[in-house]
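The values are calculated or read from the model by the stated rules, or taken from the named source; none is laboratory data. Owing to the predicted nature of the structure, the values given are computational and were not obtained by experimental measurement. Using ideal geometry, Cβ is built from the backbone for each residue, glycine included, and neighbour counts are taken over all protein chains shown.
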Amino acid sequence: MGQSLAKAPESSYAAAGVSIDAGNRAVDLMRDAVRSTYGPQVLSGIGAFGGLFSAGVLKEMNDPVLVASTDGVGTKVKLAAQAGRYDSIGHDIVNHCIDDILVQGARPLFFLDYVASSQLNPEMIASVVGGMAAACRAAGCALLGGETAEMPGVYQPNEFDVAGTIIGVVERAAVLPRADLHAGDVLIGLASSGPHTNGYSLIRKVFEGVALERVVPELGRPLIDALLESHRSYLQPLAAALDNVKALAHITGGGFIENIPRVLPDDLNAVIRLGSWPIPSLFALIQHRGAIDSDEMYRVFNMGIGMIAVVRPDDVDAVRGVIPEETFIIGELAAGSKRVTLQ
């Protein structure tokens, strides 16, 4: 970012807290990982001012609609920095963005990243971007470009932040949610891999002073392993089911209470049947240690359900049959006013 504005000799810039050499080393370390995500559609390599991606694939579609989303991973980055573990954050940002456009039926084309830090650590940057590249490869998505910014004075020492932008595509006729949502439609839940990227300000407060590397009996592993578990992608599990899905709700910030209404019409409620899926031990531990009210837990966290599919009652078996993992019938739609009720 600021490197392109340098007027003074590099030694003066380095004395001000920005190292051009460290930036170049970071690029060298991440180069192979980024290139591993390239398909024939990528027309420009690392170092170009802008990423070039052939739009020829859109000619094969009847009425393509581009879908874009930008997001970050919140204060989960503070735990990653505290633990010195960074690759999972790369998975987090890519998979979060993939899931955000998946709820509209879109498949990813390419991803752009932004990593900013107080002082550029090439190995740390390479680890973050390596995680991004691995998640992009798994989704058939190109890591088309990005920016690494060293900003002393803006970020505190040893702190960093990550953001990303994703571009995907969907046929107009397949855009979700569909207009034919009705009372009686069934809610199918897919399991989360943990808190994903939400609620970490509360999580850090709840576990303040706790040794993160300590093995927690309720979890059967070190606390930090559970807290840094990567946000999972639902692209592959749901790919074969989308034709029979009316709507998808990604349970991110705002939990059940804020996210499900985003796909509902004004005259329907979502009824969530508590006890219809196993709540992971981590959430029970957070609630107990933090003395958090149950309603707040469902408004902050995903509580073990990261994605919800809305389907016709007659399509439930077909949808569950093509999803290659255990799913849960967690509720249904009912007449109402675009609200979520927990029962």
Fill in: Which listed residue, of VAL77, VAL169, VAL65, VAL57, is surrounded by 18 or more Cβ atoms within 10 Å (Cβ to Cβ) and either outside any strand (DSSP E or B) or out of contact with any Leu (no Cβ under 8 Å at 6 or more places or on another chain) (or both)
VAL77
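Given the criteria within 28 Å of SER193 (Cβ to Cβ), of a type outside the set (Phe, Trp, Tyr), touching a strand residue (DSSP E or B) at 6+ places or on another chain (Cβ under 6 Å) and surrounded by 22 or more Cβ atoms within 10 Å (Cβ to Cβ), does VAL115 qualify?
Numbers: within 28 Å of SER193 (Cβ to Cβ): yes; of a type outside the set (Phe, Trp, Tyr): yes; touching a strand residue (DSSP E or B) at 6+ places or on another chain (Cβ under 6 Å): yes; surrounded by 22 or more Cβ atoms within 10 Å (Cβ to Cβ): yes.
Yes, satisfied.
How about the stretch 100-121: which of its residues are among the hydrophobic types (A, V, I, L, M, F, W, C) and part of a strand (DSSP E or B)? Break it down stepwise before answering.
Residues of the stretch 100-121 among the hydrophobic types (A, V, I, L, M, F, W, C): 101-103, 106, 109-112, 115-116, 120.
LEU109, PHE110, PHE111, LEU112, VAL115, ALA116, listed by residue number.
Do the conditions hold for GLU258, that is, is it free of Cβ contacts under 8 Å to residues at least 60 places away in the same chain, of a type in the set (D, E, K, R), in contact with a strand residue (DSSP E or B) (Cβ under 9 Å, 6 or more places away or on another chain) and assigned by TED's automatic domain parsing to the domain that holds ARG312? Spell out how you get there, then give the answer.
On the way: free of Cβ contacts under 8 Å to residues at least 60 places away in the same chain: yes; of a type in the set (D, E, K, R): yes; in contact with a strand residue (DSSP E or B) (Cβ under 9 Å, 6 or more places away or on another chain): yes; assigned by TED's automatic domain parsing to the domain that holds ARG312: yes.
In short, yes.
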Worksheet item: Among the residues of the stretch 205-263 satisfying the criterion of being hydrophobic (A, V, I, L, M, F, W, C) and in contact with a Pro (Cβ under 8 Å, 6 or more places away or on another chain), which is nearest to PRO195 (Cα to Cα)?
Response: LEU227
Worksheet item: Does ALA240 satisfy the condition of being buried (at least 19 other Cβ atoms within 10 Å of the Cβ) and touching a residue at least 60 places away in the same chain (Cβ under 8 Å)?
Response: no
